[in-house]
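Data first, discussion second: the structure below is written as structure tokens.
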Amino acid sequence: MNPNLTNAFPGGTTGKVIAEGAIIAPSAYIGNYVTIYPRVRIGEEAIILDGTVLGRLPISNATTTRQIPNDFSELTIGAGSIIGCNAVIYTGSRIGNQVLIGDQASLREGCEIGDQVIIGRGVQALYECKIGSRSRIQDQVHLVGNLIIEEDVFIGMGVMTSNDNNVYLARFGLAGLDLHGPIIRRFAVIGTGAVLLPGIEIGMGAMVAAGAVVTRDVAPWTIVAGVPATYLKDIPTDWRKQIESIQIEAAP
């Protein structure tokens, strides 16, 4: 544990609220004014910083178009993970080991976050997002529900994603929900401010230029740019060989 944290508040923390049944490892650090709801499990050496809310239940105002869970399910925070100040993580998600989640990030229910992922400040991840190990999501990214990000992906600041091609009618209940977020394959890079439309696939090792609007699938190991995004060129052969030769060690 970082001695600067434990020394700052040697007598414990102020204003924390921990529900009955939450399981917190003895070596975990819980900051001031943290709220922990039922069925939360926090691993060894995890750090939960001030103002964070863990295990929040989604609440409908009866006009939402997507059915949401109405009971708590297990939220796990893996060993050595760090949750920044004022983050909100809903019930029913799994956060891997050595994950860093920045200040004011929000993760909805049903998310799966692999080991050693970095999620930047202010990131919004909606329901049932899947983020593979070692991927890096920069600040202020919006990850839509039912989105898949594989391992070793980089997503630049301010990237936006969407998952509903029927929104014009579905918002009034005039069309069924068919929510499919983008799929971003391993080693892909998404540039700052890009927009990814519903159901598209970014192929392995592909690169999307900053500000691009991606309306169709991107082939593996290619670069696209523009509005709408179109093929620019292939990833250089020497870059591809270097990436493919990387040996990844799993997190302990």
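Each value in this text was obtained by applying a stated rule to the coordinates, not by laboratory testing. Computed from a prediction, not measured in an experiment: that's the story for all the values here. Don't worry about glycine lacking a Cβ; one is built from the backbone with ideal geometry, like all the others, and counts go over all protein chains shown.
Pull up segment 174-200, narrow it to residues that are of a type in the set (A, V, I, L, M) and part of a loop (DSSP other than H, G, I, E, B), then point me to the one that is nearest to residue 133 (Cα to Cα). Step through it out loud before you land on a result.
To start, the set of residues in segment 174-200 that are of a type in the set (A, V, I, L, M) comprises 174-175, 177, 179, 183-184, 188-190, 194-197, 200.
Restricting the remaining residues to those that are part of a loop (DSSP other than H, G, I, E, B) gives 174-175, 177, 188, 194, 197, 200.
Values: 174: 39, 175: 36, 177: 29, 188: 13, 194: 22, 197: 23, 200: 21 Å.
The selected residue is 188.
Among the numbered criteria (1) under 20 Å from the mean Cα position of the chain (by Cα); (2) surrounded by fewer than 20 Cβ atoms within 10 Å (Cβ to Cβ); (3) within 25 Å of residue 246 (Cα to Cα), which one does residue 160 miss?
(3)
Test residue 178 against the criterion of being among the charged types (D, E, K, R) and crowded, with 19+ Cβ neighbours inside 10 Å, and give yes or no. Spell out the reasoning first.
Working: among the charged types (D, E, K, R): yes; crowded, with 19+ Cβ neighbours inside 10 Å: no.
Spelling it out, it is not the case that residue 178 is among the charged types (D, E, K, R) and crowded, with 19+ Cβ neighbours inside 10 Å.
Any residue in segment 158-173 that's assigned to a helix (DSSP H, G or I): show its pairings with residues that are of a type outside the set (Phe, Trp, Tyr) and surrounded by 11 or more Cβ atoms within 10 Å (Cβ to Cβ) at Cβ separation under 6 Å, as long as the two are six or more apart or on different chains.
169/175; 170/177
Go through segment 149-189 and count every residue that is under 21 Å from residue 139 (Cβ atoms) and among the aromatic types (Phe, Trp, Tyr).
Matching residues across segment 149-189 total 1.
Quick check, is residue 232 surrounded by fewer than 19 Cβ atoms within 10 Å (Cβ to Cβ) and in a loop (DSSP other than H, G, I, E, B)? Reasoning before the result, please.
Working: surrounded by fewer than 19 Cβ atoms within 10 Å (Cβ to Cβ): yes; in a loop (DSSP other than H, G, I, E, B): no.
When the stated conditions are applied, residue 232 does not pass them.
So, in segment 135-157, how many residues would count as being out of contact with any strand residue (DSSP E or B) (no Cβ under 8 Å at 6 or more places or on another chain) and either acidic (Asp, Glu) or surrounded by 21 or more Cβ atoms within 10 Å (Cβ to Cβ) (or both)?
From segment 135-157, those out of contact with any strand residue (DSSP E or B) (no Cβ under 8 Å at 6 or more places or on another chain) are 139-140, 151-152, 157; that's our starting set.
Right, trim to either acidic (Asp, Glu) or surrounded by 21 or more Cβ atoms within 10 Å (Cβ to Cβ) (or both) and you get 139, 151-152.
Count: 3.
Quick grid of which residues meet (1) within 22 Å of residue 23 (Cα to Cα); (2) assigned to a loop (DSSP other than H, G, I, E, B):
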residue	(1), (2)
44	yes, yes
54	yes, no
62	no, yes
70	yes, yes
86	yes, yes
89	yes, no
103	no, yes
121	no, yes
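So which pairs qualify, if the first residue must be in segment 203-217 and without any contact (Cβ under 8 Å) to a residue 60 or more places away in the chain, the second must be crowded, with 17+ Cβ neighbours inside 10 Å and among the charged types (D, E, K, R), the Cβ gap must be under 6 Å, and the two must be at least 6 apart or on different chains?
203/185; 204/185; 204/186; 217/201
Using the structure shown, decide if residue 194 is surrounded by 17 or more Cβ atoms within 10 Å (Cβ to Cβ) and over 26 Å from residue 139 (Cβ atoms).
no
Please go through segment 72-84 and give me each residue that is in a loop (DSSP other than H, G, I, E, B) and polar (S, T, N, Q), ordered by number.
Of the residues in segment 72-84, the ones in a loop (DSSP other than H, G, I, E, B) are 72-74, 78-81, 84.
Selection gives 73, 81.
Suppose we filter 187, 154, 172 for residues that are among the hydrophobic types (A, V, I, L, M, F, W, C) and on the phi > 0 side of the Ramachandran plot; which single one remains? It would help to see each step written out before you state the result.
Values: 154 fails: on the phi > 0 side of the Ramachandran plot; 172 fails: on the phi > 0 side of the Ramachandran plot.
None of the others qualify; the one that does is 187.
Among the residues of segment 19-78, what is the count of those that are among the aromatic types (Phe, Trp, Tyr), surrounded by fewer than 20 Cβ atoms within 10 Å (Cβ to Cβ) and either under 19 Å from residue 93 (Cα atoms) or within 20 Å of the chain's Cα centre (by Cα) (or both)?
Residues meeting the conditions: 1.
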